[in-house]
Structure formats: structure tokens, C-alpha cells
Amino acid sequence: MSFEVTILGSGGALPTLNRNSTAQFVTCCNRHILIDCGEGTQLQMRKFGVQFQRLDIILISHLHGDHFFGLVGLLSTMRLLGRDGKLTIICPKGLPAIIQQQLEIGFQKLDFDIHYIELTGKEQQMVYEDKSIEIHCFPLKHKVPTSGFLIAEKPK
């Protein structure tokens with residue numbers, strides 16, 4: 001099994017022509033995980049050949065816009081491309097309400113289920129587990145509650 005990371009963006013709050021907003025794509029044990037989803041993430045995914053429909057899990061570290069402003073657009077594109085499989089979004093408390101409000105205001109209805117796991121950014125815990133991987137979150141020091149993530153392959 002392989003573990004691969006593709007940096008889709010690392011430009012922080014101010015994207016430039018050479019560096020997009022924060023987003024990383026991780027493949028571990030045939031799980032496809034997006035960490036953060038700043039503006040322009042869809043374009044970067046296309047540039048690097050990341051297939052939107054293969055995403056299993058999206059991890060959002062905190063509620064500064066450069067880490068989640070691209071998420072509603074990505075979800076809408078996934079709907080337009082015919083996604084019907086469940087998606088897990090592990091995110092700060094409050095993000096599901098923000099997403100729902102944006103979808104409603106934009107007259108969008110998703111045709112797939114989203115399973116949200118809301119975090120406080122204040123505790124270390126395992127937030128996802130299946131037969132092949134575990135995802136743990138841990139608090140980071142930042143101006144707002146923020147979680148870092150550890151993605152680990154389970155021992156065979």
C-alpha cells in the first residue's frame with residue numbers, strides 16, 4: 001500500500017499566481033483524503049489529476065476562510081458530476097451549518113449524503129477508523145480552535 005501526499009496549495013490567506021490557498025490530497029490504503037479546501041482547490045485537483053468522485057474524506061482544520069472557502073463549490077461540482085456515494089467531512093463545530101446555509105442560499109441540493117464529524121479543536125482523539133486506516137486529531141495553537149491531523153495505516 002502506498003502513502004502519497006500532493007500539495008494542492010500552500011499560499012495561506014493570500015494566494016498568488018504561483019501558490020494557491022491551502023489544500024493537500026492524501027492517498028493512504030486506497031482512501032482518498034482532502035485536507036483543507038481553500039479557493040481554487042478544484043482547479044488544482046484538475047491540474048494534478050485528482051478525481052473529485054474518489055474523495056472519501058475531507059478534513060478541515062479550522063474556520064479561517066483560506067481553509068474552507070472552496071468547499072461548497074467542490075461539493076456542488078461533485079453533485080454536477082453525479083456523485084452518489086457518501087462523503088465524510090471532519091471539521092470544526094459550526095461548519096456544517098455554514099455549508100448548509102450556503103447551499104440553501106445558492107438553491108443547491110446535494111444528491112449524496114454527507115456524514116459530518118464536528119471537532120472542538122481542544123482535544124486529541126481518534127476521529128475516523130475503518131479496517132485499513134485511523135485518523136487522529138490534535139489541537140494546534142492558533143487564533144481560533146484548530147486541529148491537526150494524523151493519518152495512519154493500521155498494522156497488518
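What follows draws every value from the coordinates through simple rules; no lab data is involved. Please read all numbers here as calculations on a predicted model, not as lab measurements. Cβ atoms come from the backbone with ideal geometry, glycine included; neighbour counts cover every protein chain shown.
Before moving on, here are some points about what is shown:
- Neighbourhood net charge (11 Å Cβ-Cβ; Lys/Arg +1, Asp/Glu -1) for Val127: -4
- Between the range 97-156 and the range 18-39, the Cα center-to-center distance that results, in Å: 13 Å
- Backbone HN-Hα couplings from phi across the range 26-38 [Karplus 6.51/-1.76/1.60, Hz, Gly and Pro as x]: 10, 10, 9, 6, 6, 9, 10, 10, 9, 9, 6, 8, x
- In the range 1-92, Cα pairs under 8 Å separated by at least six residues give a relative contact order of 25 percent.
- Estimated dipole of the chain in Debye, rounded to 20 [Cβ of Lys and Arg +1, of Asp and Glu -1, Cα centre]: 220 debye
- Nearby aspartates and glutamates by direct alpha-carbon distance to Lys122 (threshold 16 angstrom, same-chain neighbours under 8 apart not counted): none
- For the chain, the relative contact order works out to 17 percent when only alpha carbon pairs closer than 8 Å and six or more residues apart are counted.
- Estimated 222 nm signal from helices in the chain, with DSSP H stretches of n ≥ 4 weighted -39500 (n - 2.57), rounded to 500: -5000 deg cm²/dmol
- Calculated FRET value between Ile98 and Ser2, using beta carbons and R₀ = 35 Å, to 0.05: 0.55
- Paramagnetic label zone (point 7 Å from Cα along Cα-to-C-beta, Phe138; backbone N under 19 Å) in the range 67-93: 91-92
- Of all DSSP-defined beta bridges confined to the range 17-117, some 35% are antiparallel rather than parallel.
- Rounded to the nearest 20, the Cβ-based charge dipole of the range 1-75 about its Cα centre (Lys and Arg +1, Asp and Glu -1) stands at 180 debye.
- Bridgeable lysines around Lys131 (alpha carbons under 22 Å apart, same-chain partners fewer than 8 residues away excluded): Lys86, Lys154, Lys156.
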